[in-house]
Amino acid sequence: MKKVLLLLLPIIFLAQCKSSSNNTETITFGYKETFKISNDEESAVVNNFIALHESIWNYQDFNLPLNKILLHEDYYIFISAAIENSEQETINQILKTEEFNFVENENSTKFSKQLLYTNNEYYIYSVIYTERVQGIPFVISWVSKDKDLITKAYQNQLFDEKIN
């Protein structure tokens with residue numbers, strides 16, 4: 001019996017490692033919301049990207065703190081929480097931002113709003129997503145200097161498959 005147990009321990013350990021490594025394929029934001037990460041994306045330290053985030057969403061009177069960031073060699077994905085505002089206030093604030101040049105602005109079945117816009121040299125695909133438990137609106141944005149990449153992400157609605 002001890003021999004069988006000793007033989008099974010490495011198998012159990014490997015199974016645990018495999019199941020633990022599966023957890024790294026998503027990150028959690030809000031209250032138990034998950035975001036799927038592709039193999040070429042990695043989570044980064046938020047503090048290192050606050051300046052870039054604030055250069056795009058430069059709001060003096062609107063609190064939109066950066067919650068998570070994912071890095072890829074061609075783009076960033078910012079997950080920001082509108083912790084003091086409603087979903088509609090968040091949408092209105094983004095839509096009235098003079099620095100943004102909107103290309104597309106539409107409602108979605110999964111998100112309150114999907115937006116495709118530019119700000120300086122960046123192309124941005126954002127969705128407004130209200131997390132299910134606390135009701136906090138999140139602005140989730142795919143940001144790149146590559147217009148075709150962001151346009152394709154928007155047209156294929158890639159956030160639909162990334163957010164659970």
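The values are calculated or read from the model by the stated rules, or taken from the named source; none is laboratory data. Because the structure is a prediction, the values reported are computed rather than measured. In this analysis, Cβ positions are derived from the backbone assuming ideal geometry, glycine residues included, and neighbour counts consider all displayed protein chains.
Taken over region 78-87, the criterion of being crowded, with 19+ Cβ neighbours inside 10 Å and in contact with a helix residue (DSSP H, G or I) (Cβ under 8 Å, 6 or more places away or on another chain) is satisfied by Phe78, Ser80, Ala82. When region 15-32 is filtered for residues that are aliphatic (A, V, I, L, M) and either modelled with pLDDT of 85 or more or under 20 Å from Phe111 (Cβ atoms) (or both), only Ile27 remains.
To keep it simple, each residue is scored yes or no on (1) without any contact (Cβ under 8 Å) to a residue 24 or more places away in the chain; (2) buried (at least 20 other Cβ atoms within 10 Å of the Cβ).
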| residue | (1), (2) |
| --- | --- |
| Leu64 | no, yes |
| Asn67 | no, no |
| Glu73 | no, no |
| Lys96 | yes, no |
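Residue count for region 109-137 under the criterion of being assigned to a strand (DSSP E or B) and within 20 Å of Asn85 (Cβ to Cβ): the result is 12. Residues that are assigned to a loop (DSSP other than H, G, I, E, B) and exposed (fewer than 15 other Cβ atoms within 10 Å of the Cβ) within region 37-62 comprise Ser38, Asn39, Asp40, Ala44, Val45, Asn58, Tyr59, Gln60, Asp61, listed in sequence order. Contact annotation: no residue pair with Cβ atoms under 7 Å, 6 or more positions apart or on different chains, pairs a residue in region 37-48 that is of a type in the set (Asp, Glu) with a partner that is loosely packed, with under 10 Cβ neighbours inside 10 Å and modelled with pLDDT under 90. In the list Ser80, Ser55, which residue meets the criterion of being more than 16 Å from Leu158 (Cβ to Cβ) and touching a Pro at 6+ places or on another chain (Cβ under 7 Å)? Only one candidate qualifies: Ser80. So how many residues does region 151-164 have that are in a helix (DSSP H, G or I) and either among the hydroxyl-bearing types (Ser, Thr, Tyr) or within 14 Å of the chain's Cα centre (by Cα) (or both)? Result for region 151-164: 7.
Residue by residue, here is whether (1) farther than 21 Å from Phe49 by Cβ; (2) in contact with a Cys (Cβ under 9 Å, 6 or more places away or on another chain); (3) of a type in the set (A, V, I, L, M) holds:
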residue: Ile94; (1), (2), (3): no, no, yes
residue: Lys110; (1), (2), (3): yes, no, no
residue: Leu115; (1), (2), (3): no, no, yes
residue: Tyr129; (1), (2), (3): no, no, no
residue: Pro137; (1), (2), (3): no, no, no
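Residues being in a loop (DSSP other than H, G, I, E, B) and more than 20 Å from Phe159 (Cβ to Cβ): count how many of those fall in region 98-108. Of the residues in region 98-108, 2 are in a loop (DSSP other than H, G, I, E, B) and more than 20 Å from Phe159 (Cβ to Cβ). Condition check for Phe35 on (1) at pLDDT 90 or above; (2) touching an Asp or Glu at 6+ places or on another chain (Cβ under 8 Å): one failure, at (2).
In the set (1) under 20 Å from Lys152 (Cα atoms); (2) in a loop (DSSP other than H, G, I, E, B); (3) touching a residue at least 60 places away in the same chain (Cβ under 8 Å), the condition left unmet by Tyr31 is number (1).
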